[in-house]
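Novice: Before anything else, here's the structure in question.
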Amino acid sequence: MLGAERGLKMTGDDFSFEPVSGFDLPRFAGIPTFMRLPHVPLTDPRAAQVDIGLIGVPWDGGTTNRPGARHGPRQLRDASTMIRFVHPHTGISPFRLVRCADLGDAPVNPADVQDALARITGFYDAVVDRGIMPLTAGGDHLVSLPILRALARSGPLGMIHFDAHTDLFDGYFGGFRYTHGTPFRRAIEEDLLDPERVVQIGIRGTMYDGEDIEWGQAQGVRIVMIEELMERGLDDVMAEARERVGQEPTYVSFDIDGIDPAYAPGTGTPEIGGFTTFQAQRMVRKLNGLNLVGADLVEISPPFDPSGGTAWVGASMMFELLCVLATARDEIG
């Protein structure tokens, strides 16, 4: 186990990879990083020691209606200063299992979609080359596509996807094919995802025509509508999801609008009738033990989140994701 080999304090060359404790510095003080971790740019030689990198992608050039997710990473960093060391239910301390750091933000271009996608992929190529597992804060959901382009270089991945929407649409506005509603259709077409190992959970809301669901099902995607989730129960659905992805490399994508807007209103495309924050936590915890290669949390829009409550939900879900990623990385060694 990496944590056992390195000791409880994750240090290297007298450099601590642990968060700053609220016992040492008030959580409202200091420069905010994800979960108060050290900022280690990829150009820093210490990046070679990082196991899991927390990354912001401040970009919402794929948004088709209410924008603002480009500001999500900054607000999530600030909210995440409230995160402490140990998971209250599982007892996992991700910062003592593996070395974690805030790698900063991926480069983006707010004026050109294709250039932005290329820049993001280039950044994640460098992350993968250094053997770092990424945990990403978006940004709109199109940011998942360039991340997958970097992670799936060795072959298509499985994916467990929590969302109100499939993001399997073909195109918008006369065939424009790159929006936050199209990333996973493009990913399947580009052979980045194995559709037989893709599970989408929580889908709901009014539809344009249902073509996205029909296309996904025809490819083999397992789409779990919110009604099925609630009728069968979380444990049963997550057991099926685990069986479908198996022990092959799997990505996790969590759109904040999967959670009911009563709990997370600060997003561009809210849909009523979603899961609660506690249900979301339980489902992510059920990912423990899978062969995970990365995860993202997307679509938090601070302009629609005046209280900051949605950002706190997002930061808390990032910690849940970090715990299962750290366990996966620790087992890999």
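The values are calculated or read from the model by the stated rules, or taken from the named source; none is laboratory data. Model, not experiment: these values are computed from the prediction. Backbone-built Cβ (ideal geometry, glycine too); neighbour counts: all protein chains shown. Ligands, DNA and RNA are excluded from the accessible area calculation, which covers all protein heavy atoms including side chains. Shrake-Rupley method; radii C 1.70, N 1.55, O 1.52, S 1.80 Å.
Novice: Can you list the residues, at least 5 places off or on another chain, whose amide H is less than 5 Å from the amide H of LEU157, using H built in the peptide plane?
Specialist: Answer set, sorted by chain and number: LEU193, ASP194.
Novice: What distance in nm separates the simple spin-label points at ARG177 and THR277, each placed 7 Å from Cα in the Cβ direction?
Specialist: Label at ARG177, label at THR277, 4.0 nm between them.
Novice: Oh, and also: For the range 118-184 and the range 296-315, compute the distance between their C-alpha centroids and round to whole Å.
Specialist: First find each Cα centre; the distance between them is then 20 Å.
Novice: Classify the range 119-161 as rounded, prolate or oblate from the Cα gyration tensor: take a ≥ b ≥ c as the square roots of its eigenvalues, call it rounded if a/c is under 1.5, otherwise prolate when a/b beats b/c and oblate if not.
Specialist: Working: a/c = 1.57, a/b = 1.12, b/c = 1.40.
Oblate.
Novice: From the helices alone, meaning DSSP H stretches of at least four residues, give me the mean residue ellipticity at 222 nm for the chain, per-run term -39500 (n - 2.57), in deg cm²/dmol to the nearest 500.
Specialist: Details: 11 runs with 110 residues, N = 333.
Calculated mean residue ellipticity at 222 nm is -9500 deg cm²/dmol.
Novice: Over the range 121-204, calculate the relative contact order: mean separation of alpha carbon pairs under 8 Å at least 6 apart, over the residue count, as a percent. Can you show the working numbers first?
Specialist: On the way: 113 pairs, mean separation 29.5, N = 84.
Rounded, it is 35 percent for the range 121-204.
Novice: So what is the relative contact order of the range 74-180, in percent, for Cα pairs below 8 Å that sit 6 or more residues apart?
Specialist: 18 percent
Novice: For the chain, what is the relative contact order in percent, using Cα pairs closer than 8 Å and at least 6 residues apart in sequence?
Specialist: On the way: 733 pairs, mean separation 68.2, N = 333.
Taking the mean separation of contacting Cα pairs over the length of the chain, I get 20 percent.
Novice: For the range 51-332, what % of the accessible area comes from carbon and sulfur atoms, probe 1.4 Å?
Specialist: Details: 5080 of 10020 Å².
Exposed carbon and sulfur together represent 51 percent of the surface.
Novice: Report the Cα centroid-to-centroid distance between the range 234-249 and the range 73-103 in angstrom, as an integer.
Specialist: Comparing the Cα centres of the range 234-249 and the range 73-103, I get a distance of 25 Å.
Novice: If you place +1 on the Cβ of every Lys and Arg and -1 on the Cβ of every Asp and Glu, how big does the dipole about the Cα centre of the range 51-332 come out, in debye to the nearest 20? Before the final figure, lay out the partial values.
Specialist: Numbers: 24 positive and 40 negative charges, 195 e Å.
Its charge dipole is roughly 940 debye.
Novice: Next question. Given a Förster radius of 30 Å and the C-beta distance between THR43 and ALA111 as r, what FRET efficiency does 1/(1 + (r/R0)^6) yield to the nearest 0.05? Don't skip to the answer; put the middle values down first.
Specialist: Working: r = 25 Å, r/R0 = 0.84.
Step by step, r from the Cβ atoms, then E = 0.75.
Novice: On average, how much accessible surface per residue is there in the chain, in Å², for a 1.4 Å probe, leaving out ligands, DNA and RNA?
Specialist: Accessible area per residue, the chain: 39 Å².
Novice: In addition: At 7 Å along the Cα-to-beta-carbon direction for both ASN291 and THR64, put a label point, then send me their distance in nm to one decimal.
Specialist: 3.4 nm
Novice: Which label marks the calculated value of semi-axes √(5λ) of the Cα gyration tensor in Å, given the options (i) 32, 24, 19; (ii) 39, 24, 17; (iii) 29, 21, 20?
Specialist: Computing semi-axes √(5λ) of the Cα gyration tensor in Å and matching it to (i) 32, 24, 19; (ii) 39, 24, 17; (iii) 29, 21, 20 gives (iii).
Novice: At what distance in nm do the modelled label points of GLU228 and SER307 sit from each other, each positioned 7 Å from its Cα along Cα→Cβ?
Specialist: The two pseudo-label positions are separated by 3.3 nm.
Novice: Counting DSSP beta bridges in the chain, what percent are antiparallel, to the nearest 5? Show your work: numbers first, answer last.
Specialist: On the way: 4 of 40 bridges.
Of all bridge pairs located within the chain, approximately 10 percent are antiparallel.
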